[in-house]
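Asker: Have a look at this one before I ask anything.
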Amino acid sequence: MIKRLNKKISLILFIVLFLLSIISLLISLLSKNYVLLNENNTIEFEATFLSYEMDENLCEIETIEYSDKLKIRDINEVKNKDIIKSIQPNTKITFRIEDKFKEDFEKLDFIYICSLTYNNEEILTLESVNDSHIKAVQRIKITGYIFSGLLILGAIINLIIILT
């Protein structure tokens, strides 16, 4: 009786692990790839620079027009951090945001910018943001594949236990 109950529990566990592995694999396979940013799907703005705050991960830029709304998501995407440090207050900067945010830009508390230029020097480029995001998506997909593999392995081990 107990052995039969253990086999039922093991069979249910096998089915659950197998279904979770299939779902995880499908999510990894079907998840959208990152849409590359370019001049056609971003919009450019100009603003008057006031100040910045930078730590090891993030940079927040304060402007007259947009207060402290502008943020650089990953400081590693910045080509030259020294240029940000050299920007003088009350000078013009140019930045880009994704088109999909332009309607709500004024309502948002902050927005991640995808390019930043000062005195014709590129500080943050669409290419550097694209590279960073592609790598992040790849890491997420690889994690999903590994998780799927571990679940399938667990299901197979469980099936072997059921059959013995």
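Values in this text are rule-based calculations from the coordinates and carry no lab data. Keep in mind it's a predicted model, so treat the numbers as computed, not measured. FYI the Cβ positions are ideal-geometry reconstructions off the backbone, even for glycines, and counts take in every protein chain you see.
Asker: Which of rounded, prolate, oblate describes segment 100-142, given a ≥ b ≥ c as roots of the alpha-carbon gyration tensor eigenvalues and a/c under 1.5 marking rounded, otherwise prolate only if a/b is larger than b/c?
Answerer: oblate
Asker: Skipping prolines and chain starts, which residues have an amide H placed within reach, meaning under 5 Å, of the one on LEU50, given they are 5 or more residues away or on another chain?
Answerer: GLU62, THR63, ILE64, ASN90
Asker: Viscosity 1.567 mPa s, temperature 4 °C: give me the Stokes-Einstein translational D for the chain in µm²/s, with Rh taken as the Kirkwood radius over C-alpha pairs.
Answerer: Stokes-Einstein gives a translational diffusion coefficient of 68 µm²/s.
Asker: Still on this structure: Taking the Cα of SER67, stepping 7 Å toward and past its beta carbon, and measuring to each backbone N in segment 11-55: which are under 20 Å?
Answerer: Within reach of a label on SER67: 45-54.
Asker: Here's something else I'd like to know. Using 18 Å as the Cα-Cα cut-off, could you pick out the over-long pairs in LYS79/LYS102; LYS71/LYS135; LYS69/LYS100; LYS79/LYS107; LYS71/LYS107; LYS81/LYS102?
Answerer: Correct reply: LYS79/LYS102; LYS71/LYS135; LYS79/LYS107; LYS81/LYS102.
Asker: Here's something else I'd like to know. What residue among ILE64, ILE97, ILE75 has the largest mean-square fluctuation in a Gaussian network model of the chain, using Cα springs under 10 Å?
Answerer: Result for the chain, Cα springs under 10 Å: ILE64 fluctuates most.
Asker: In Å, what Rg and Dmax follow from the Cα atoms of segment 84-164?
Answerer: Cα only, segment 84-164: 22.9, 76 Å (Rg, Dmax).
Asker: Then there is this: At a Förster radius of 25 Å, what calculated FRET efficiency corresponds to the Cβ-Cβ distance of ASP74 and VAL35, to the nearest 0.05?
Answerer: 0.90
Asker: I want to check the label-to-label distance for TYR145 and GLU53. Put each point 7 Å from Cα in the C-beta direction and report it in nm to one decimal.
Answerer: For TYR145 paired with GLU53, the spin-label model returns 4.0 nm.
Asker: How high is the relative contact order of the chain, in percent, with contacts defined as C-alpha pairs under 8 Å that are six or more residues apart?
Answerer: Reported relative contact order: 32 percent.
Asker: Right, something else. May I ask you to derive the FRET efficiency for GLU46 and LEU19 from their Cβ-Cβ distance with R0 = 45 Å, giving the value to the nearest 0.05?
Answerer: E(calc), rounded to 0.05, equals 0.30.
Asker: Next question. What angle, in degrees between 0 and 90 and rounded to the nearest 10, separates the Cα long axis of helix 126-163 from the longest principal axis of the Cα atoms of the chain?
Answerer: 10
Asker: With n ≥ 4 as the cut-off for DSSP H runs, can you work out [θ] at 222 nm for the chain, using -39500 (n - 2.57) per run divided by the number of residues, rounded to the nearest 500?
Answerer: -15500 deg cm²/dmol
Asker: Counting Lys and Arg as +1 and Asp and Glu as -1, what is the net charge of the other residues whose Cβ lies under 12 Å from the Cβ of ILE123?
Answerer: That works out to 0.
Asker: Hey, can you grab everything whose amide H is under 5 Å from the amide H of ASN119? Only 5+ residues off in sequence or another chain; H modelled, so Pro and N-termini drop out.
Answerer: none
Asker: Something else about it: Below 8 Å, C-alpha to C-alpha, sequence gap of six or more: please give me the relative contact order for segment 28-114 in percent.
Answerer: Contact order relative to length: 33 percent.
Asker: By how many nm would the segment from GLU98 to LYS135 lengthen if fully extended, with 0.36 nm per residue of separation less the alpha-carbon distance?
Answerer: 11.4 nm
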